[in-house]
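These notes concern the structure reproduced below.
Since every read-out is calculated from the coordinates, none of them should be taken as a lab result. No experiment lies behind these values; they were computed from the predicted model shown. Glycine also receives a Cβ, built like all others from the backbone with ideal geometry; neighbour counts cover every protein chain displayed.
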Amino acid sequence: MLNKAARLMKLFLVLMFAAAIVFPATVQAATENETNEIRYLLGNYHVSGITEDKLEGKTVEEMLALLDDPFTTYFTSEQRDQFLNAIENSFVGIGVRLGEDEDGLYISEVFPNMPADLAGLQRDDYITAINGSSVQGKSATDAVNSILGEENTSVRLTVKRGGDLLNISIQRGQVQVPIVVSKRFGQIGYIELSSFSSNGDKEFTKALEQMKADDIGALIIDLRDNGGGYIDTAKNIGANFIKQGVFVHTNDRNQKDIPSIIENGQTFDKPIFLLLNGNSASASEALAGALRDSANATIIGMNSFGKGSMQYMMNLTDGGMLKVTTVEYLTPKNNKVNHVGLKPDVEVYGSMPQMLAALQAAGLSDITIKFNKHHAAINDIDVSDPMPYKVEDGQLYVPSRTLAAMIGADVVWNSKDNTVDIIKGTKKQSYELTKKVVIQADSITYLNVAEFAKTFDTKWSQTGDSWILKVSTK
């Protein structure tokens with residue numbers, strides 16, 4: 001058994017961080033061979049230090065429960081393929097993102113050259129029926145489950161476009177969701193990385209090299225909602241900013257520190273800003289910790305998830321796979337991540353306020369946001385950050401945190417006076433919770449833009465179904 005497991009380790013191990021992908025808790029029965037292999041691998045490599053004798057006579061499900069480690073997982077061959085495809089942002093479908101509003105389910109994004117695009121679906125189409133069955137009362141999740149299916153099968157969508165109802169048949173196929181999205185806000189570069197896929201480092205570096213050629217003045221790296229992926233991908237991305245040094249420290253079951261070292265990397269002489277939120281996990285945290293410790297990067301957003309452990313993926317002889325936690329990692333300055341996360345240097349609540357805060361920190365002084373109920377753009381560049389707003393009695397109300405972020409100010413709830421306070425430098429303005437000034441709904445505090453503009457220079461207008469907000473902080 002020892003020699004057999006050793007061969008498995010040698011031939012099939014892939015070092016990776018577990019992405020935030022969840023499979024059913026019920027473990028499908030492993031074969032006897034796989035059960036024996038799993039017992040050996042857990043008893044010799046799991047970071048807890050558990051030994052084989054403690055696992056003797058137990059099923060795979062019982063062994064995993066004993067570890068109390070949600071990131072050590074047994075996969076059937078089918079689940080393994082789903083897991084690996086998820087890291088690559090690849091799946092069988094039609095290639096759209098769905099949104100939901102008071103009018104129903106709509107298409108918020110159509111991926112270029114994917115089945116939906118080729119069939120003629122468009123952004124903002126409302127889905128009224130799937131295969132002839134009305135979607136009224138169904139959630140976006142229910143709709144997605146109805147649309148997904150086997151490759152090369154068809155799904156028929158009835159969509160409302162303007163005043164027309166269209167029936168569109170789409171053949172399901174392999175969909176590749178973009179891993180890297182890059183944009184320019186003037187001299188500020190922006191790269192969004194959604195997963196540390198096997199090719200993510202190459203795509204990231206290509207986007208970065210183009211920005212360096214364009215002589216950007218600052219860089220924003222968006223790792224929000226990035227649950228992780230391959231450690232080598234994260235390390236290779238880090239090498240764009242760290243010439244030489246520790247990427248992460250790793251502690252194994254024997255508490256031995258085995259640092260992962262970057263050699264022959266590069267330096268980056270422009271300011272770096274990282275966007276994180278509570279769903280930024282694993283490889284995202286490793287990269288962010290390394291760039292803050294070794295490349296003077298600034299983290300903006302919310303405390304990250306706190307998954308400071310690495311998993312090996314081990315293929316089993318009967319077709320399954322074991323993903324097992326083998327080490328805990330620390331940042332280059334030996335800061336703990338596991339169960340703690342990374343605390344931001346600048347804490348900002350809310351997706352759009354985070355984006356605006358990063359742009360402000362990177363030097364963007366003139367900001368124009370154009371938005372409607374489905375989409376938003378900053379300085380004519382589309383962003384995925386939602387822009388909630390309300391219109392009552394002809395007055396525009398925008399979240400107070402968004403307005404504060406636009407001008408680089410802080411927003412504070414004053415419980416003593418029962419007011420919302422906007423503070424910028426020595427200037428402070430308090431807004432009472434009256435209907436014509438402040439609206440509170442869906443856990444968001446909305447502020448009347450006209451009232452805000454009395455103190456802070458803000459222009460706003462309406463064009464068709466879109467609103468436009470403009471500020472300058474020069």
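Here are a few things to note about the model shown:
- Cα-only Debye scattering, region 176-312: base-10 log of I(q)/I(0) at q = 0.14, 0.22 Å⁻¹: -0.59, -1.51
- For region 298-386, the pair-distance distribution built from all alpha carbon pairs, in bins 5 Å wide starting at 0, is 3, 11, 14, 14, 11, 11, 10, 11, 8, 4, 2, 0, 0 percent.
- Here, the chain has an Rg and a Dmax of 24.9, 77 Å when only alpha carbons are counted.
- Backbone HN-Hα couplings from phi across region 72-77 [Karplus 6.51/-1.76/1.60, Hz, Gly and Pro as x]: 9, 9, 9, 10, 5, 4
- Dipole magnitude (debye, nearest 20) for region 257-328, charges at Cβ of Lys, Arg, Asp, Glu: 240
- Anchor residue 416: lysines whose Cα lies under 17 Å away (excluding residues fewer than 8 positions away in-chain): 428
- Here the simple spin-label model places points 7 Å from the Cα toward Cβ, and for residue 209 and residue 441 these points are separated by 5.0 nm.
- Descending Cα extents along the principal axes, region 141-252, whole Å: 58, 44, 21
- Remark: region 159-222 projects, on average over all directions, an area of 7.1 nm² (convex hull of Cα atoms).
- In region 93-176, the inverse of the mean reciprocal separation of distinct Cα atoms equals 12.5 Å; this is its Kirkwood hydrodynamic radius.
- P(r), alpha carbons of region 365-472 - 10 Å bins starting at zero, rounded %: 14, 50, 31, 5, 0
- Ranked packing of 364-377, 187-200, most packed first, by mean Cβ within 10 Å: 187-200, 364-377
- Close amide H contacts of residue 247 (hydrogens built in the peptide plane, cut-off under 5 Å, sequence separation of 5 or more or a different chain): 260, 261, 262.
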